[in-house]
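Step one of this worksheet: look at the structure below.
The values are calculated or read from the model by the stated rules, or taken from the named source; none is laboratory data. Predicted model only: the values in this text are computed from it and were never measured. A quick note on method: Cβ atoms are made from the backbone with ideal geometry, for glycine too, and the neighbour counts reach across all protein chains shown. Accessible surface is based on the protein model in full, side chains and every heavy atom, while ligands, DNA and RNA are left aside. Shrake-Rupley method; radii C 1.70, N 1.55, O 1.52, S 1.80 Å.
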Amino acid sequence: MLFPEQTVEQTEDDIFAQEMDYKQKLTLIEDKMADEGLPDLFIRTFAYYYERLVLGETGLIPESTIESVDTLPDVEQFSVHYADIGQAALGKTAVIKLNGGLGTSMGLERAKSLLPVKNGRSFLEVIAKQTEKAEIPLVLMNSFSTEEDSKRVLQPIADNSEFTYYTFIQNKEPKIRQDDLMPVTWEKNPELAWCPPGHGDIYIALVTSGTLDTLLDAGIEYAFVSNSDNLGAVVDLSILGYFAEHRIPFMMEVADRTEMDKKGGHLAQCPDGQLILRESAQCPPEDEDAFQDISRHKFFNTNNLWFHLPSIKRILVEQEYQLGLPMIRNSKTVDPRDCESTPVYQLETAMGSAIAVVKGAQAVRVPRSRFAPVKTTNELLLVRSDVYELTDAFEVLPKNGRKRKPNISLDNLYYKIISDFDARFPNGVPSLQECRNFKVEGDFLFGRGVVCVGDVHLISTSSKQVYIEDGTILNGRLEY
């Protein structure tokens, strides 16, 4: 599979000088990574992408090189036959959760999955109970920052039940200076000189950690992979059955793209019919209108994936553990909170982009309910409210099958950071069962048992915090 690339015109002398310079730089980078104890296989993988960077590749995928995808198998149309097949395959299935995030956008300094999300239970506790109930193992791809905290949550559950879990750690890589393509240094905080290589690292990390062989030795053939903050990502027997019966090596769940999804990645296909994932960082500026055209590019990647582990192992061995996933060249600053700090490149890959390099890979359309990530305190407020319930199977679902959910808009100044958010809802969030829109401008402290009805818009122009008393029923536009 060939991907669009950009190179710089050079003379033979320029190329020779650059090649010598590149080899010297790469040796320094490889030594730096080895000193950090990173696996040889991952160092070799990073070298592959570093060479792409030096050659001038951007990872961009022009609109002219791809075609739209119009129709896909629809999970909502699957027959009950697939659920029966899925039930039979459940004993050979594991759940893998991407659990490396710290939730820094909400002011967290530890694993985001440890945040209480429903009935006092954290994301991780809910996920563990889901897999325990289904009697399937849970596997976490952690970062160096989330490994120990996650184990402290899971081990007591494992000690007191039949729950089985495994963990492995995502690799890290040096950030590369944009001016000279050398690894950056940052004395103020040396850890900021390193970054994760994107969740496309899952394939190499499964191998280098030994987890892939451990799962295969345990008789696991199928893996359902998703983000730990996506509460809609649970094992669906019909999808598992379809995946197993059709012997698909790799499958992506996609959902209908809406206006609020238009800036995110989308599914497309190459002229030979091979499916491809294009992320926003891979779209040339001149193609932005086409990229955001949801009538042309109709499906987005939910990041819910299915792996047939024996097939993934075979493909990795055949390709000497180099899948050649499309590179994403992200332009950042070494300190993401300091726009004046050194400009760097982060060389990343997306695990969903394997759809472009695995022969026989497929995608299926799923309902929007299977994509329910909690990225902001707006979404956290909604899922903590009485709009959602925690079922006996430990699934977090809209109560009574509710389709339409309230729109939430909280003032970022007072509610964006989780500690500020929690301080303003000390006795729980308001009831939103009868609410269509809930918008808050200003600083409010909410009492116990507050109820929102219809369209609620709270506005405070006071320099002091406004207290909403216990049991207050809110409706309409209210100014304080």
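Within the stretch 120-142, is there a residue that is over 24 Å from Ser341 (Cα atoms), of a type in the set (Phe, Trp, Tyr), touching an Asp or Glu at 6+ places or on another chain (Cβ under 8 Å) and part of a helix (DSSP H, G or I)? Outline the logic, then answer.
First, pick out the residues of the stretch 120-142 that are over 24 Å from Ser341 (Cα atoms): 120-142.
Next, only the ones that are of a type in the set (Phe, Trp, Tyr) stay: 123.
In the following step, the residues that additionally are touching an Asp or Glu at 6+ places or on another chain (Cβ under 8 Å) were identified as 123.
Then drop every residue that is not part of a helix (DSSP H, G or I), which leaves 123.
Yes, some residue in the stretch 120-142 is over 24 Å from Ser341 (Cα atoms), of a type in the set (Phe, Trp, Tyr), touching an Asp or Glu at 6+ places or on another chain (Cβ under 8 Å) and part of a helix (DSSP H, G or I).
The single condition among (1) aliphatic (A, V, I, L, M); (2) under 29 Å from Gly241 (Cβ atoms); (3) open to solvent by 40 Å² or more (accessible area, probe 1.4 Å) that Ile294 does not meet is (2). Screening the candidates Ala268, Ala244 for the property of being farther than 26 Å from Tyr388 by Cα, surrounded by 21 or more Cβ atoms within 10 Å (Cβ to Cβ) and either charged (D, E, K, R) or in contact with a His (Cβ under 7 Å, 6 or more places away or on another chain) (or both) yields one hit, Ala268.
Please go through the stretch 61-89 and give me each residue that is farther than 30 Å from Thr349 by Cβ and assigned to a helix (DSSP H, G or I), ordered by number. Correct list: Glu76, Gln77, Val80, His81, Tyr82, Ala83, Asp84, Ile85, Gln87, Ala88.
Within the stretch 391-408, the set of residues being surrounded by 14 or more Cβ atoms within 10 Å (Cβ to Cβ) and in contact with a helix residue (DSSP H, G or I) (Cβ under 7 Å, 6 or more places away or on another chain) comprises Phe394, Glu395, Val396, Lys405, Pro406, Ile408.
With the structure loaded, tell me whether Leu381 is open to solvent by less than 40 Å² (accessible area, probe 1.4 Å), part of a helix (DSSP H, G or I) and either out of contact with any Gly (no Cβ under 9 Å at 6 or more places or on another chain) or under 25 Å from Leu108 (Cβ atoms) (or both) or whether it fails that test. When the stated conditions are applied, Leu381 passes them.
Evaluated against (1) among the aliphatic types (A, V, I, L, M); (2) open to solvent by 10 Å² or more (accessible area, probe 1.4 Å); (3) farther than 30 Å from Lys92 by Cα, Val344 falls short on exactly one condition, (2).
So which of Pro284, Pro271 is farther than 28 Å from Ser331 by Cβ and in contact (Cβ under 8 Å) with a residue 24 or more places away in the chain?
None of the others qualify; the one that does is Pro271.
Could you list all residues from the stretch 364-406 that are in contact (Cβ under 8 Å) with a residue 12 or more places away in the chain and small (Gly, Ala, Ser)? Matches in the stretch 364-406: Ser369, Ala372, Ser385, Ala393.
Checking the stretch 439-461 against the condition returns a match, with at least one residue being open to solvent by 50 Å² or more (accessible area, probe 1.4 Å), within 15 Å of Asn378 (Cα to Cα) and either out of contact with any Cys (no Cβ under 8 Å at 6 or more places or on another chain) or assigned to a helix (DSSP H, G or I) (or both). What are the residues in the stretch 359-377 that are under 19 Å from His199 (Cβ atoms) and surrounded by fewer than 22 Cβ atoms within 10 Å (Cβ to Cβ), if any? If the condition is that a residue be under 19 Å from His199 (Cβ atoms) and surrounded by fewer than 22 Cβ atoms within 10 Å (Cβ to Cβ), then Ala361, Arg370, Ala372, Pro373, Lys375 are the ones that fit. In this entry, Ile136 passes the filter for residues that are open to solvent by less than 20 Å² (accessible area, probe 1.4 Å), touching a residue at least 12 places away in the same chain (Cβ under 8 Å) and out of contact with any His (no Cβ under 7 Å at 6 or more places or on another chain).
Annotation: of all residues in the stretch 170-218 being more than 23 Å from Tyr49 (Cα to Cα) and of a type in the set (D, E, K, R), the one that is surrounded by the most Cβ atoms within 10 Å (Cβ to Cβ) is Asp213.
Of all residues in the stretch 416-438, those satisfying the criterion of being part of a loop (DSSP other than H, G, I, E, B) and open to solvent by 20 Å² or more (accessible area, probe 1.4 Å) are Lys416, Ile417, Pro426, Asn427, Gly428, Val429.
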